[in-house]
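The values are calculated or read from the model by the stated rules, or taken from the named source; none is laboratory data. Only a predicted model underlies this, so the values are computations on that prediction, with no experimental measurement involved. Cβ coordinates were reconstructed from backbone atoms using ideal geometry, including for glycine residues, and neighbour counts include every protein chain displayed. Please note that ligands, DNA and RNA were not included when accessible areas were found on the heavy atoms of the full protein model with its side chains. Shrake-Rupley method; radii C 1.70, N 1.55, O 1.52, S 1.80 Å.
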Amino acid sequence: MIIAGNWKMYRGPDVHALAGLDAIVCPPYTRLRECVEAGLTTYAQNVHWEPEGAFTGEISAPMLLELGVAGSLVGHSERRQYFGETDLAVARRGAAALAAGLGVIACVGETAEQRESGATEAVLEIQVEAIAERCGAADGLVLAYEPVWAIGTGLTATPEIAQDAHAFIKSRLDVPVLYGGSVKPDNAAELLAQPDVDGALVGGASLDVESFKSICLTAARIRS
Ligand code: PGA
């Protein structure tokens, strides 16, 4: 069971309060070093596909490794939505990070319109295939199913919706799949109890130490 906290572009909690936690944290770039030094398993929020070059504003896998960072998110829906990241760009980022020895959490998920029009599986299929083509079922690769309509909205997929989507994703690429989208202490247990839900990618609730800890404890209880 993997619990990853995505702090997005927020400062995030006091790292000392997270010491000893068996979880991944995904802080902004400016706090990567602090999290590594505190002994936390630390992932970046994005990574470029080239090891170096003229790519202003980007960060490369060798740079992250130099900091002691263990992996990176790729393809978060906010990257896809607001920064025009394509399935190909996401797959290239993931493949380069894996090849460099970083872990990768690659995010996929449908919008509300896509779900309402019955296109969820078609959308997931395209997103997952792009990743599968470049990365395969690599060691170190984890997918995150994050329905866009559930991210930061307080709406959570029902356990049944999450389970169905996870099973579908695994039928296309057999790697662990985390659920993300308004995971909170009070809904974590029923989501994490689903057979194909292998953990959670937590945004808002990871900014609060107590709620993040509570989700991690729930995960540990379910796994044991
Ligand atoms: P949320 O964000 O938990 O605040 O919905 C999840 C994410 O964006 O990874």
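Just to verify a number: FRET efficiency for Lys8 and Glu210, C-beta to C-beta distance, R0 = 25 Å, to 0.05? Walk me through the numbers on the way to the answer.
Details: r = 19 Å, r/R0 = 0.76.
So the FRET efficiency works out to roughly 0.85.
Indicate, rounded to the nearest 5 percent, the antiparallel portion of the DSSP beta bridges found entirely in segment 92-187.
Details: 0 of 8 bridges.
Within segment 92-187, antiparallel bridges account for around 0 percent of the total.
On a full-extension model of 0.36 nm per residue, what is the gain between Thr86 and Ile126, subtracting their alpha-carbon distance, rounded to one decimal in nm? If you can, show how the numbers build up before the last one.
Details: separation 40, 0.36 × 40 = 14.40 nm, distance 1.10 nm.
Gain on stretching Thr86 to Ile126: 13.3 nm.
Which lysines, on any chain, are close to Lys8 with Cα under 26 Å apart, when same-chain ones fewer than 8 places away are left out?
Cross-link targets: Lys184, Lys213.
Tell me, what % of the accessible area of segment 1-94 is carbon and sulfur with a 1.4 angstrom probe?
Details: 2480 of 4620 Å².
Roughly 54 percent, rounded to a whole number.
Just to verify a number: FRET efficiency for Arg221 and Ser171, C-beta to C-beta distance, R0 = 25 Å, to 0.05? Present the calculation step by step, with values, prior to reporting the outcome.
On the way: r = 28 Å, r/R0 = 1.13.
For Arg221 and Ser171, the calculated efficiency is 0.30.
From Cα coordinates alone, what are the radius of gyration and Dmax values for the chain in angstrom?
Both quantities, over Cα of the chain: 16.1, 47 Å.
Treat each spin label as a single point 7 Å out from the Cα along the C-beta direction, and report the Ala119 to Ala54 distance in nm.
3.6 nm
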